[in-house]
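Novice: Submitted below is the structure of interest, expressed as structure tokens.
The values are calculated or read from the model by the stated rules, or taken from the named source; none is laboratory data. Since we're looking at a predicted model, the values are computed, not measured. Every residue, glycine as well, gets a Cβ built from its backbone with ideal geometry; the counts of neighbours run over all protein chains shown. The accessibility values were calculated without ligands, DNA or RNA, using every heavy atom of the protein model including side chains. Shrake-Rupley method; radii C 1.70, N 1.55, O 1.52, S 1.80 Å.
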Amino acid sequence: MNFRFNFILSAFVLLLGLSSCEPAGPTENIVDLASSNDNLSTLVAAVAAGGLVETLEGEGPFTVFAPDNTAFDNLPEGLLEALLKPENKEILSSILTYHVVSGNVKAADLIKAIEEGGGTHTVTTVNGGELSASVLGDNVVLTDASGNKATVTATDVEASNGVVHIINSVVVPG
């Protein structure tokens, strides 16, 4: 039966003119990926208000530590609304780019770097700030310049121009 299935699959592939059965890579860029996730709707609105849509739709690769909606909900009352105002675009952009690292940093690579670093690894964000990554229990935790912590809750969500790791808190540059 396995032979018959492989034969039928091969014939189907030939009929479609495909050269291999390998699954295609991700087709959505980071912005499209975030837009299709209801739990990242606040981030999508912030990226638009910060003028970063075109950048995060770009070639990359980028690694984005994406705060979920709950992370934004946990900000002090009124802060998000203030950041979304046009006059605060530069501040918002700085905060958002503090969540982005150049390159395609998969979870396994980050954990390996943490282990090789003696329990911590520093990543430089695209805004020039640094985040410290460590492992606490079974979770990767990011610590920002002010000592605030964010736990990675989902890893390796692949996009055509990078990878997204979802975090439970907004990290802020010092």
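Novice: Given the whole protein assembly as supplied and a 1.4 Å probe, what does the accessible area of Asp144 come to in Å², nearest 10?
Specialist: 10
Novice: Please enumerate, by chain and number, the aspartates and glutamates with C-alpha under 16 Å from the C-alpha of Lys112, excluding those fewer than 8 residues away in the same chain.
Specialist: Asp138, Asp156
Novice: Next up: Using θ = phi - 60° and the Karplus relation 6.51 cos²θ - 1.76 cosθ + 1.60, list the HN-Hα couplings for region 48-63 in order, rounded to whole Hz, with x at every Gly or Pro.
Specialist: 5, 5, x, x, 10, 4, 4, 4, 7, 8, x, 4, x, x, 10, 10
Novice: Would you mind calculating the gained length between Thr151 and Asn127 on full extension (0.36 nm times residue separation, minus the Cα-Cα distance), in nm to one decimal?
Specialist: Fully extending the segment from Thr151 to Asn127 adds 6.6 nm.
Novice: So, in nm, how far is label Val135 from label Glu90 when the simple model puts each one 7 Å beyond its Cα toward the Cβ?
Specialist: 4.2
Novice: I'd like the accessible area for Ser41: 1.4 Å probe, protein heavy atoms, all chains in place, Å² to the nearest 10.
Specialist: Approximately 60 Å² of Ser41 is accessible to the 1.4 Å probe.
Novice: With contacts defined as alpha carbon pairs under 8 Å and 6 or more residues apart, what's the relative contact order of region 41-174 in percent? Mind dumping the intermediate values first?
Specialist: Details: 253 pairs, mean separation 39.0, N = 134.
Answer for region 41-174 is 29 percent.
Novice: Turning to a different aspect of this structure: Sequence-distant or interchain residues sharing an amide H contact under 5 Å with Ile167, placed H: which?
Specialist: HN-HN under 5 Å from Ile167: Ala66, Asp68, Thr153.
Novice: Given a 1.4 angstrom probe, what's the average accessible area per residue across the chain, in square angstrom?
Specialist: Numbers: 9960 Å² over 174 residues.
Counting only protein heavy atoms, the per-residue value for the chain is 57 Å².
Novice: Report, in degrees rounded to the nearest 10, the 0 to 90 angle that the Cα long axis of helix 107-116 makes with the longest principal axis of the chain.
Specialist: That works out to roughly 60 degrees.
Novice: Out of the total accessible area of the chain (probe 1.4 Å, heavy atoms of protein only), what percent is carbon and sulfur?
Specialist: Working: 5390 of 9960 Å².
Within the chain, the accessible surface is 54 percent carbon and sulfur.
Novice: Something else: Tell me the Rg and the Dmax, in Å, that the Cα atoms of the chain produce.
Specialist: Cα only, the chain: 19.2, 66 Å (Rg, Dmax).
Novice: Work out, step by step, the length gained on full extension between Asn74 and Glu54: first 0.36 nm times the residue separation, then minus their alpha carbon distance; give nm to one decimal. Walk me through the numbers before you get to the answer.
Specialist: Values: separation 20, 0.36 × 20 = 7.20 nm, distance 2.73 nm.
Contour length minus Cα-Cα distance gives 4.5 nm.
Novice: What does the helix-only formula give at 222 nm for the chain: each DSSP H stretch with n ≥ 4 adding -39500 (n - 2.57), the total divided by the residues, and the result rounded to the nearest 500 deg cm²/dmol? Numbers along the way, then the final one.
Specialist: On the way: 8 runs with 63 residues, N = 174.
Here the helix-only value at 222 nm equals -9500 deg cm²/dmol.
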